[in-house]
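A.B. asks: My structure is below; once you've seen it, I'll send some questions.
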Amino acid sequence: IFIIDKKSSYTMLSEYFDGDLTVFDPNLDMPFSPFRGIYDNDKIASLTLIISSAIKLTSPTFPLESEHTTLISKALKLAYMKKLSLLGLNYVEGELVKEASNQEVCLSMDDVVMELAGIPALEGFESMNPNVEALTNKLRPFYGDGIYARYFKAVETTKTAKNLLYIYDLDRLDTDPVLQPLMTMAVMDEIKRIIRLPENQGRMGLIVFEEIGMLGRNNPTAVPYVMDFAETGRKLEYWLIALTPRPQNFFELEVGKALWGVADNFIFMQMSSDNVDYLSQHSSILDEASIQIVKSLQTKKGHFADILFVNKKKTVTGAFRNHQTRLSRWFTPNNAKDLTACKKALKQFANQKWQALEFLAKKYPRGIEES
C-alpha cells in the first residue's frame, strides 16, 4: 500500500504496521531525490517530464518545444553514462583502473545541467546552443544554490520491497505551488519503481492519492505522466484511489480530468448540495436516484461515515455505512491534539505499541475532543 499524503493522519499507522514514512520538511535534511532509482527508458522519460514541469511551473510563458525536451532527455542519458563510468574507475598503484561496481547511480540536477551545457559541442547538436542557454537559465532555481536545488540533490539511499506500507507526507509543501506538484510526480515515479521490483512481481496493491490538487492547478506536463502512471498500475494490478474534498478538481484541473476519465469505480461521501448539483451537471455518473442518495449521506466524526459506490457502467450501485472502531480511530489521528496524545502514549509504553493503542482507545474512544 502506497499513500501520497497531505496530512499527518497516516503517521501512526506506519508505527503499527512497520511502514516506511518519508516526510518532506523544508526545515530538515531532504530524505528524497527524484533522481534516485534504476535508470532505463521509462526512468529517463519520467525525469524528462518532471524537469519539463519544473520549467513550466516556474516559467509558464516559456515556449517549451520538442527540441527542449529532446535536449533534457539527452542530458539525462549523458549524465547517467558519465556517472556510471566514474563508479567503475578506481586508482590502483597510481593508475586509473576500471572495475566492476555494484553502487547505485544517483544523479543530481547539477550533473544534468553540466551535461546539458556541453551538448552543443557534440556532432549534430552544434546549432542547439540558444536552446541550451535558455534551458540552463530556466532551470537555475533547481541547481547550484537555487531556491529549490536541495530537493534535486543526490540521495544515495533507496527504498526496497521490505515494507508493505509506504507513506509520503507532503503536507509541509502545501503552500509551495512549484515544489508540491514536482515532488508528487517524483514520488509517483518512485512508486512505479518499487512495484516493478522482482520481489513484488505478482503482488497486488493500492495507491492512495490523498489530494489530486497536489499536482498543481497549472501543470499540463503532468497529464501524460498521470495517464501513464494509472495504466502502469492497472497492468500490474495496483489500483489508484484518487481523492479530493472538492469535486470541481476533477473537471477544472487537467490532471483531474485525466483521473476521472480512467476511473472505473466512484465513491461519494457527504458533500454540500451545491457540490452534488455541480457533479450532476458535469457528469452522467449519477442518475436522479443516486443524486438523492448522495444528498442524504452523513458523516459523524468519530462514529461513522455514509458512502455511496457506483461503477462506471452503472451495473453495481450501493450505499453503506462505515463504522469507525475505537482502535481504528487511533490508527489514523486526524488532528494535532490526538497525534500528540499518540506520541505521548507510545513513549509511555516504550516498546509495547499495542498497549499504547489499547490505552488510548479506552481513555478517549472518540478522540480527545469528542471524549
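A.B. asks: Based on DSSP H runs of at least 4 residues, each adding -39500 (n - 2.57), what is the mean residue ellipticity at 222 nm of the chain after dividing by all its residues, to the nearest 500 deg cm²/dmol?
C.D. replies: Result for the chain, helices only: -13000 deg cm²/dmol.
A.B. asks: When the chain is fully extended, how far beyond the present Cα-Cα distance does GLU67 get from ARG326, taking 0.36 nm per residue of separation?
C.D. replies: 87.5 nm
A.B. asks: Then there's this: Give me the one-decimal nm value for the distance between modelled label points at LYS162 and ARG140, 7 Å along each residue's Cα-to-Cβ direction.
C.D. replies: Distance between label points: 4.3 nm.
A.B. asks: How would segment 174-253 be classified by its alpha-carbon gyration tensor: rounded, prolate or oblate, with rounded meaning a/c under 1.5 and the a/b versus b/c comparison settling the rest?
C.D. replies: prolate
A.B. asks: On to the next question. Rounded to the nearest whole Å², what accessible area per residue is found for segment 38-89 with the 1.4 Å probe?
C.D. replies: Per-residue accessible area for segment 38-89 comes out at 44 Å².
A.B. asks: Within segment 292-371, how many Lys pairs that are eight or more residues apart, or on different chains, come under 21 Å at the alpha-carbon?
C.D. replies: Total qualifying Lys-Lys pairs in segment 292-371 comes to 22.
A.B. asks: Provide Rg and Dmax in Å for the chain, with only Cα atoms included in the calculation.
C.D. replies: Every Cα atom of the chain included, Rg and Dmax give 23.5, 81 Å.
A.B. asks: Return the long-range amide H neighbours of PHE304 (sequence gap of 5 or more, or a different chain), with a cut-off of under 5 Å between placed amide H atoms.
C.D. replies: Placed amide hydrogens put GLN324 under 5 Å from PHE304.
A.B. asks: With respect to the cross-link table entries LYS74/LYS138; LYS192/LYS235; LYS162/LYS192, which display a Cα-Cα separation exceeding 19 Å? Write down the numbers at each step before the final one.
C.D. replies: Numbers: LYS74/LYS138 17 Å; LYS192/LYS235 12 Å; LYS162/LYS192 16 Å.
Where the Cα-Cα span goes over 19 Å, no listed pair is concerned, since all stay within it.
A.B. asks: Given a 1.4 Å probe and every protein chain left where it sits, what share in percent of the accessible area of the chain is carbon and sulfur?
C.D. replies: Its accessible area is 53 percent carbon and sulfur atoms.
A.B. asks: If I histogram all Cα-Cα distances within segment 149-300 using bins 5 Å wide from 0, what percent of pairs lands in each bin?
C.D. replies: 1, 8, 17, 18, 18, 15, 12, 6, 3, 1, 0
A.B. asks: Two decimals, Cα atoms only, Kirkwood Rh: what is Rg/Rh over segment 298-371?
C.D. replies: On the way: Rg = 16.0 Å, Rh = 13.8 Å.
Expressed as Rg/Rh, it is 1.16.
A.B. asks: Let me ask something additional. Roll a 1.4 Å probe over the protein chains and send me the accessible area per residue for segment 238-371 in Å².
C.D. replies: Values: 7900 Å² over 134 residues.
Accessible area per residue, segment 238-371: 59 Å².
The values are calculated or read from the model by the stated rules, or taken from the named source; none is laboratory data. Predicted model only: the values in this text are computed from it and were never measured. Every residue, glycine as well, gets a Cβ built from its backbone with ideal geometry; the counts of neighbours run over all protein chains shown. Ligands, DNA and RNA are stripped out before the accessible areas are found, and what is left, the full protein with its side chains, is counted by its heavy atoms. Shrake-Rupley method; radii C 1.70, N 1.55, O 1.52, S 1.80 Å.
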